[in-house]
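Report on the structure given below.
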Amino acid sequence: MIRTACLGWLAVLLGAGCASALKEPPPIASMQREPTGTVPADALLQEAAEEYAKRPDKAAVRRAEGLCLAAAQADESKTTGLVCAIQAKAWLAERERDVKVRTDLAVSAVQAGQWCLRREPATPACKFWLAVALGLQARDRPATAEDGLRRMDRLLREAAREAPLLDEAGPERVLALLLVRAPGWPIGPGDEEEALVHARKAIELRPDYPPNQLALGEVLLKSGQKAKGREALLRGVELSGRAPWSGDPDVPSWVADAQALLAR
C-alpha cells in the first residue's frame, strides 16, 4: 500500500509535495459542451451507444461523451450517463497524443467519477470507472499519483468483491495491471506476485475475453515467465479473431497491444 508521505521519484519529479487526486468537481452542466434541450435521458443514452459503437472514429466517441453527459444532466437520479461518459473519455485519453488534451480528458473523467459516486456511493460501476480515471490522471499529473493509486487500489478491490463480472472481470484485470505496473512499497502498491493472483482470477471469471489474456501475458512476462506470457498473449490474439469478439471495434488495439508486448 502507498504511504501518506511523498517519497522517492514523485518528490524528485515534481519538486513539490504530493497533491490530492480528488478536488471539488464542477457542475455537470459545465462539463457538457452542447445543449440538448428536453431530450429524454434514455434517448440520449441510446444515441450515445450508437456513436460509441463507431469506434475507432474519434469524432463519434467525442459525440458519445457529450451525449452521455447530457443524459446525466437530464436524469439526476441515475449514474448510467456518468459511467458511459467516463468510458468514452478513457477511450479517447488512451489514444490522445496531445498531453494537454489527454490530461483534460483524464481530469474530467475523474470529475464524472466523483459525481457518479455522489449519486450512488455503493455502485460498483462508479467505483471501477473512477479507478480507471484516476489511473489515467496519475499518468499525466504525477503529483496526484500517490494519492490516486492508493484510491485506485481500494476502489478496484471493492468493485472486485461486489461485482466481479463487471466489464468482463474488469476489476480483477485492471487491478492486476495496476499491481504489475506501479512502483512497489514504499512508493506505490506494486506487487508482481499479487498481480498474478488477480490476473489469474480474471481468467477464471472470463477466460475467453481477449484483454484478460493480454493482462495475464503482461504479468507473466514481467515476472520472468516468458514462455507462459507469450502463450497467454497469443491466446488473446487468437480469441480476438473469434466470435463474439471478432466484430468488436477495439480488436485492432487489442492485437496491437499484444504485438507490442510480444516484441519486447
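Expressed in nm to one decimal, what extension gain is obtained for the pair ARG97 and GLU162 from 0.36 nm per residue of sequence separation less their Cα-Cα distance? It would help to have the intermediate numbers written out before the result.
Values: separation 65, 0.36 × 65 = 23.40 nm, distance 3.47 nm.
Gain on extension, ARG97 to GLU162, equals 19.9 nm.
Which of the aspartates and glutamates could be linked to LYS226 by a straight reach, that is with a Cα gap under 13 Å, when you skip same-chain ones fewer than 8 residues away?
GLU218
With the radius of gyration and the Kirkwood radius both derived from the Cα set of region 62-175, what is their ratio Rg to Rh? List each step's numbers first, then the result.
Details: Rg = 13.1 Å, Rh = 13.8 Å.
Reported Rg/Rh, Kirkwood definition of Rh: 0.95.
Enter the per residue convex hull volume of region 165-264, computed from alpha-carbon coordinates, in Å³ rounded to the nearest integer. Kindly include the intermediate steps, with their values, before the conclusion.
Values: hull volume 9.1 nm³, N = 100.
Value for region 165-264: 91 Å³ per residue.
Region 137-224: Rg/Rh from Cα coordinates, Kirkwood Rh? Could the numbers behind the result be given before it?
Numbers: Rg = 12.5 Å, Rh = 12.9 Å.
Reported Rg/Rh (Cα atoms, Kirkwood Rh): 0.97.
Determine the share of the chain's accessible area contributed by carbon and sulfur atoms, expressed in whole percent, with a 1.4 angstrom probe.
Working: 6950 of 12640 Å².
Ligands and nucleic acids excluded, carbon and sulfur give 55 percent.
Per DSSP H run of at least 4 residues, take -39500 (n - 2.57); add these up for the chain, divide by its residues and hand me the 222 nm value, nearest 500 deg cm²/dmol.
Working: 13 runs with 177 residues, N = 264.
Rounded to the nearest 500, it is -21500 deg cm²/dmol.
Against the 2.2 N^0.38 Å scaling, with N counting residues, where does the chain land? I'd like the Cα-based Rg ratio to two decimal places. Walk me through the intermediate numbers first.
Values: Rg = 18.3 Å, N = 264, 2.2 N^0.38 = 18.3 Å.
In units of the globular-protein estimate, the chain measures up at 1.00.
Name the lysines eligible as straight-distance cross-link partners of LYS228: C-alpha to C-alpha under 27 Å, and not fewer than 8 places from it in the same chain.
LYS201
Leaving out ligands and nucleic acids, and using a 1.4 Å probe, what accessible area per residue does the chain come to in Å²? Let's see the in-between values first.
On the way: 12640 Å² over 264 residues.
Value returned for the chain: 48 Å² of accessible area per residue.
Using only Cα atoms, locate the centre of region 24-78 and the centre of region 158-203, then give the distance between them in Å, rounded to an integer.
30
The values are calculated or read from the model by the stated rules, or taken from the named source; none is laboratory data. Computed from a prediction, not measured in an experiment: that's the story for all the values here. The area values use the complete protein model at the heavy-atom level, side chains included, leaving out ligands, DNA and RNA. Shrake-Rupley method; radii C 1.70, N 1.55, O 1.52, S 1.80 Å.
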